[in-house]
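Enquirer: Okay, handing you the structure first.
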Amino acid sequence: MKKLAIINQRYGLEVNGGSEYYTRLIAEHLNKYYDVEVLTTTALDYNTWKPHYAQGDKIINGVKVKRFSAEHSRNMLRFRVVSKLMCMFSKIGVRLDKWWVKEQGPYVKSLIQYIKENEREYDVFIFVTYLYYTTVIGLPEVADKSILIPTAHDEPYFYFPIYRKLFEMPKAIIFLTEEEKKFVRDKFNNEKIPYDVIGVGIDIPKKFQDEKTCEKAISEFRQKYHITGKYIIYAGRVDYGKKCDEMFTFFIRFKKDHPEDEIQLVVIGKDMMGVPKHQDIRHLGFVSEEDKYSGIAGAEYLWLPSQFESLSIALLEAMALGVPGIVNGNCEVLKGHCTKSESGVFYRSYEEFEQEFLMLAESKEKYETMSVKAKRYVEKNYDWITIEKKFKMMIDNMQMEYF
């Protein structure tokens, strides 16, 4: 049985993050076919990288996890200064890449040393997310055995010079969407590296696949959190980087412009920026998986204001539940899901958001059609049988000459 190392900067049931959740799902599903071990940090908070979990080995949902502590916490003031210097001086050829990556973190030298010393113990190293120290420094040590899952999107860091070299190193690349593949290829012209487009399987709990048990779960969710009436839902990290500030601004403005509309905004996820106080904004914080699904299933729409996404499991889960999305049209991936499925709308300004939202509210027939198409889209493109088969084909062919 082949032994796989999957590397991500954070890992755990309590970790709130798209690539981290994706990593956990992939690790648990590949664990059926391979000896999987996750190499990660002790951090829960990506802003500081402070230790939260115990260092060492643990089993999580059947997967072996090996944790390493960062050498120091991230100093956000210093990181912001270095980021500004990086943007300024890179234009004139001054390289601050390694300094920036170190400050970005997690600066976990012990994990990198472990990879160096134990390279022969693993057949394949899978690095998830291009951005962090764990990938930038770790992948070059085992490039001939590596698969990079970049989860890349159009953000300022992607254009830093250090990443050009990184995207030319791996033995293979897995993209999450066609949009991500095009974006990376247009930037780095790395067509010679073997690749595949492999998303993730969306596996909705059985109780939400049955109408009666789903309605019961929604009712219990409403009672638990004292929610009445119609609501839109946001599920994810509440952060400026996710453009949650714009979401709140748009919602508050919409309520002011349309005081007769009783729609509420329910927010699920850890608050990293400060949720504004408003009578129609309900922040529930970090909730259980069951409450997450119940909350999404009972919503009119899932709102995704983020401009930077490489897949969005949250949107796919909502669509699997028949809940259409309202998304940021400046994100090609989110826009792509909506247009290909014909089950969501996108906006680029408040005026477009207002227009689309009012249009959806006026047509019950159109909403029901979108709900059906959303489910079909996920069933066709994001089943675990297909996802696992694609992963196995790539992993099992890693030693072949054409790789």
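Enquirer: What ratio of Cα Rg to 2.2 N^0.38 Å holds for segment 152-253?
Expert: Scaled against compact globular proteins, the figure is 1.61.
Enquirer: Full-extension gain between Ser219 and Asp186, please, as 0.36 nm times their residue separation minus the C-alpha to C-alpha distance.
Expert: 7.1 nm
Enquirer: Mind checking the alpha-carbon convex hull of segment 67-214 and giving the volume per residue in Å³?
Expert: 173 Å³
Enquirer: For a footprinting-style exposure proxy, rank Thr213, Thr48 by other Cβ within 10 Å, fewest first.
Expert: Fewest-to-most ranking of Thr213, Thr48: Thr213, Thr48.
Enquirer: If I fit a long axis through the Cα atoms of helix 350-362 and take the longest principal axis of the Cα atoms of the chain, what angle between them do I get, 0 to 90°, rounded to 10?
Expert: Value to nearest ten degrees: 50.
Enquirer: Mind giving me the nanometre distance, one decimal, between the label points for Gln113 and Met1, set 7 Å out from Cα along Cα→Cβ?
Expert: With each label point 7 Å from Cα toward Cβ, the separation is 3.0 nm.
Enquirer: Quote the charge dipole size of the chain about the Cα centre in Debye, to the nearest 20; the model charges only the Cβ of Lys and Arg (+1) and of Asp and Glu (-1).
Expert: Dipole about the Cα centre, nearest 20: 1140 debye.
Enquirer: Treat each spin label as a single point 7 Å out from the Cα along the C-beta direction, and report the Asp271 to Glu168 distance in nm.
Expert: 4.7 nm
Enquirer: Using 1/(1 + (r/R0)^6) with R0 = 56 angstrom and r between the beta carbons of Glu141 and Tyr367, what's the FRET efficiency to the nearest 0.05?
Expert: That gives a FRET efficiency of 0.65.
Enquirer: I would also like to ask the following. Tell me the angle of helix 364-381 to the major Cα principal axis of the chain, expressed in degrees between 0 and 90 and rounded to the nearest ten.
Expert: 20 degrees
Enquirer: Counting Lys +1, Arg +1, Asp -1, Glu -1, what net charge surrounds Glu168 among other residues with beta carbon under 14 Å of its beta carbon?
Expert: Result for the local shell: +4.
Enquirer: Can you sort Met398, Met359 by how many other beta carbons sit within 10 Å, fewest first?
Expert: Met359, Met398
Enquirer: In whole angstrom, and with the biggest value first, how far do the Cα coordinates of segment 266-326 range along each principal axis?
Expert: For segment 266-326, the Cα spread along each principal axis is 31, 26, 20 Å.
Enquirer: Then there's this: Take the Cα pairs of segment 325-385, get the Kirkwood Rh, then feed it into Stokes-Einstein at 10 °C and 1.306 mPa s and tell me D in µm²/s.
Expert: 131 µm²/s
Enquirer: When the helices in the chain are scored as -39500 (n - 2.57) per DSSP H run of 4 or longer and the sum is shared across all residues, what 222 nm value do you end up with, to the nearest 500 deg cm²/dmol?
Expert: Theoretical 222 nm ellipticity from helices: -12500 deg cm²/dmol.
Enquirer: Just to verify a number: FRET efficiency for Asp35 and Ile385, C-beta to C-beta distance, R0 = 25 Å, to 0.05?
Expert: 0.70
Enquirer: Sticking with this structure for a sec: Lys212 versus Asn397, label points 7 Å from Cα toward the beta carbon: distance in nm?
Expert: Modelled inter-label distance: 4.7 nm.
Enquirer: As a footprinting exposure proxy, order Val327, Val275 by other Cβ within 10 Å, with the fewest listed first.
Expert: Val275, Val327
Enquirer: As a test of the definition: which semi-axes, in Å, follow for the chain when you take the square root of five times each eigenvalue of its alpha carbon gyration tensor? Largest first, please.
Expert: Taking √(5λ) for each eigenvalue gives 35, 24, 21 Å, largest first.
Enquirer: Sticking with this one: Can you give me the C-alpha center-to-center distance between segment 252-271 and segment 302-381, rounded to a whole angstrom?
Expert: About 18 Å separates the Cα centre of segment 252-271 from the one of segment 302-381.
Enquirer: Continuing with the same structure: Grab the beta carbon distance between Glu262 and Arg120, set R0 = 60 Å, and tell me the FRET efficiency rounded to 0.05.
Expert: Efficiency, rounded to the nearest 0.05: 0.45.
Enquirer: Against the empirical 2.2 N^0.38 Å scaling, what ratio does the C-alpha Rg of segment 228-373 come to?
Expert: Scaled against compact globular proteins, the figure is 0.95.
Enquirer: Out of the GluC sites (Glu not before Pro) in segment 145-238, which ones are loop residues according to DSSP with at most 15 other C-beta atoms within 10 Å?
Expert: Glu168, Glu191
Enquirer: Compute the angle between helix 76-89 and the longest alpha-carbon principal axis of the chain, please, reported from 0 to 90 degrees and rounded to the nearest 10.
Expert: 70 degrees
Enquirer: Pull out the extension gain between Thr228 and Gln55, defined as 0.36 nm times the separation in residues minus the alpha carbon to alpha carbon distance; nm, one decimal.
Expert: The span from Thr228 to Gln55 would gain 57.9 nm if fully extended.
None of the figures in this text is laboratory data; all of them are computed from the coordinates on show. The shown structure was predicted, so the numbers you read here are calculated from the model rather than taken from an experiment. Cβ atoms come from the backbone with ideal geometry, glycine included; neighbour counts cover every protein chain shown.
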